[in-house]
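First the structure, in the form of structure tokens, and then the observations on it.
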């Protein structure tokens, strides 16, 4: 799979022949230097950026033939994404942040599902709080709840502990592994933490847009 984007200097090959597979229920880590294409690979896997060429298949669905709207609908139903910067809507409560993608997907039980997921990440008593009233670890747990609120086949996480202290980050990672295991979802995370990478079933390394090694 390849991804080429235009720039003022001409076309730039961001991904230059990625071949990566992760089975349902498996965990995978993606490491490599900054600028090697790790985050771009997650964006393509999530359908947020279409690949220039090649096959992208998630949960049995080929993404390359879908329109932008169809990819968005598929993403809301089947893919969870956890960002380093949390990406919560500051004017919405924890409950609303988890419920909104479910509402956009047409789920009638959006609030009920959101409450269930917030309880699963230990935030049942914080559902009416705005992001600014939550600690960094609590905000990231809201993001994890949002990622798992749908029927995700795969959870993609881009440096999910980068803005957290060590102990809080470890707790969030443990939670993500547990939720993925309980759901039977695949988990692929970008990290610079070699100890965290070693916890995963498969370990991938990217250099200059290519997956160089896998274990």
- [ ] Check whether at least one residue in region 131-148 is surrounded by 16 or more Cβ atoms within 10 Å (Cβ to Cβ), touching a residue at least 24 places away in the same chain (Cβ under 8 Å), within 25 Å of residue 21 (Cβ to Cβ) and more than 12 Å from the chain's Cα centre (by Cα), and report yes or no.
- [x] no
Open item on the list: Only one of 42, 20, 30 is part of a strand (DSSP E or B), in contact (Cβ under 8 Å) with a residue 40 or more places away in the chain and either touching a helix residue (DSSP H, G or I) at 6+ places or on another chain (Cβ under 9 Å) or under 30 Å from residue 134 (Cα atoms) (or both). Can you tell me which?
Closed with: 30
TODO: All but one of (1) outside any helix (DSSP H, G or I); (2) out of contact with any helix residue (DSSP H, G or I) (no Cβ under 9 Å at 6 or more places or on another chain); (3) in contact (Cβ under 8 Å) with a residue 24 or more places away in the chain hold for residue 64, so report the exception by its number.
DONE: (3)
Task: Residue list for region 179-189, restricted to those being outside any loop (DSSP other than H, G, I, E, B), in contact (Cβ under 8 Å) with a residue 40 or more places away in the chain and surrounded by fewer than 18 Cβ atoms within 10 Å (Cβ to Cβ) - done: 181
Task: So residue 192, is it in contact (Cβ under 8 Å) with a residue 40 or more places away in the chain, in a helix (DSSP H, G or I) and over 23 Å from residue 72 (Cα atoms) - done: no
Open item on the list: Can you find, within region 57-107, the residue that is surrounded by the fewest Cβ atoms within 10 Å (Cβ to Cβ) among those that are modelled with pLDDT under 90 and on the phi > 0 side of the Ramachandran plot?
Closed with: 60
Task: Meets criteria (assigned to a helix (DSSP H, G or I) and touching a residue at least 12 places away in the same chain (Cβ under 8 Å)) for residue 95 - done: yes
Task: Positions within region 1-15 being under 26 Å from residue 160 (Cβ atoms) and either in a loop (DSSP other than H, G, I, E, B) or modelled with pLDDT of 85 or more (or both), in sequence order - done: 1, 15
- [ ] Can you tell me which residue among 35, 122 is more than 20 Å from residue 177 (Cα to Cα) and surrounded by fewer than 19 Cβ atoms within 10 Å (Cβ to Cβ)?
- [x] 35
Open item on the list: Which residue is surrounded by the most Cβ atoms within 10 Å (Cβ to Cβ), if the candidates are limited to region 150-178 and must be more than 16 Å from residue 190 (Cα to Cα) and in contact with a strand residue (DSSP E or B) (Cβ under 8 Å, 6 or more places away or on another chain)?
Closed with: 152
- [ ] Restricting attention to region 45-56, report how many residues are assigned to a loop (DSSP other than H, G, I, E, B) and on the phi < 0 side of the Ramachandran plot.
- [x] 8
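The values are calculated or read from the model by the stated rules, or taken from the named source; none is laboratory data. If you're wondering where the values come from, they're calculated on a predicted model, not measured in any experiment. Here Cβ is always computed from backbone atoms with ideal geometry, including for glycine, and neighbour counts include all displayed protein chains.
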